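Have a look at the structure below before the remarks.
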Amino acid sequence: MHLREQIVSGALKKGDFLRTDAIAKSLGVSTTPVREGLLLLQSESFVRLIPRRGFMVNSFSKHDLFDLFWVQGTISGELAARATRKMPKSEVDRLRDIHSNYEAAFAAGDPSVARFGHDFHRTINLGAESHRLAMLLGSLTKQLPNRFYASFEGSIKDALDFHGVILEAICARDTEEARSRMQRHIVGVGEHLIAMLGRQGMWGAESEKMSPR
């Protein structure tokens, strides 16, 4: 969502008021989808409705961003552990093929590399056979704009290395190692994004190093 991206990137600041009519006009849409979008952002605590004044942007700190990735990492790690136990050999072989394609696309500078990265995670999440947990993870990932996920998987070499060790753990049927490596991968992505936004001046003089509070 356009507004979510502006809030997370710092283009919209805490205390800014969002005028439904002005947003609808700038996007070339009616006010109905804009208001529905604002209500969704309110449910995610990105904005709040001030009576008789409209929607106001809430603060979005690097602690909020880290927490979002920490929760994603925890759930992704659990899904990886379950997939390690449950995936049949045919699916593990398919995961190995996806990773091989990922490596080849990276080496060739092929833009399809992002798709293979996505397929790698999706195959593991589906292999866990935990539909509701996977849905919960999906709802969390939607709280960040797609371009941010592209930017951290754009640290493609790091992602490639992590995918390799995650695959090793799954092939070895080592559930705890798969959980640990997947969680570290996702949390590392969050740290990468926090650092990137910090270099753009979003966090001011705050330290870039994060850890669970």
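The values are calculated or read from the model by the stated rules, or taken from the named source; none is laboratory data. Here the structure is a predicted model, which means the values were calculated and not measured. Cβ sites come from the backbone with ideal geometry, for glycine too, and all protein chains shown count toward neighbours. Ligands, DNA and RNA are excluded from the accessible area calculation, which covers all protein heavy atoms including side chains. Shrake-Rupley method; radii C 1.70, N 1.55, O 1.52, S 1.80 Å.
Structural remarks
- Residues satisfying the stated conditions in the stretch 17-34, i.e. more than 15 Å from residue 51 (Cα to Cα) and not aliphatic (A, V, I, L, M): 21, 25, 26, 28, 30, 31, 32, 33
- Scanning the stretch 107-131 for residues that are among the small types (Gly, Ala, Ser) and open to solvent by 30 Å² or more (accessible area, probe 1.4 Å) turns up 107, 108, 109, 114.
- Unmet criterion (only one of (1) open to solvent by 40 Å² or more (accessible area, probe 1.4 Å); (2) touching a helix residue (DSSP H, G or I) at 6+ places or on another chain (Cβ under 8 Å); (3) under 20 Å from residue 14 (Cβ atoms)) for residue 63: (2)
- Residue 74 fulfils the conditions (1) in contact with a strand residue (DSSP E or B) (Cβ under 8 Å, 6 or more places away or on another chain); (2) in contact (Cβ under 8 Å) with a residue 60 or more places away in the chain except for a single criterion, (1).
- The set of residues from the stretch 79-97 being over 19 Å from residue 160 (Cβ atoms), open to solvent by 60 Å² or more (accessible area, probe 1.4 Å) and either among the acidic types (Asp, Glu) or not in a helix (DSSP H, G or I) (or both) comprises 88, 91.
- Members of the stretch 117-146 that are touching a Ser or Thr at 6+ places or on another chain (Cβ under 9 Å) and in a helix (DSSP H, G or I): 121, 124, 125, 127, 137
- The lone exception for residue 104 - which of (1) open to solvent by 40 Å² or more (accessible area, probe 1.4 Å); (2) under 18 Å from residue 165 (Cβ atoms); (3) of a type in the set (Gly, Ala, Ser) it fails: (2)
- Among residues of the stretch 29-67, those that are closer than 24 Å to residue 196 by Cα, hydrophobic (A, V, I, L, M, F, W, C) and either in a loop (DSSP other than H, G, I, E, B) or at pLDDT below 90 (or both), counted: 3
- Residue match in the stretch 119-130 (condition: in contact with a His (Cβ under 7 Å, 6 or more places away or on another chain) and modelled with pLDDT of 90 or more): yes
- Pairs where the first residue, in the stretch 172-191, is free of Cβ contacts under 8 Å to residues at least 24 places away in the same chain and the second is of a type outside the set (Asp, Glu) and open to solvent by less than 60 Å² (accessible area, probe 1.4 Å), C-beta under 8 Å, 6+ apart: 177/169
- Residue in the stretch 3-28 that is surrounded by the fewest Cβ atoms within 10 Å (Cβ to Cβ), counting only those that are without any contact (Cβ under 8 Å) to a residue 12 or more places away in the chain and closer than 27 Å to residue 193 by Cα: 11
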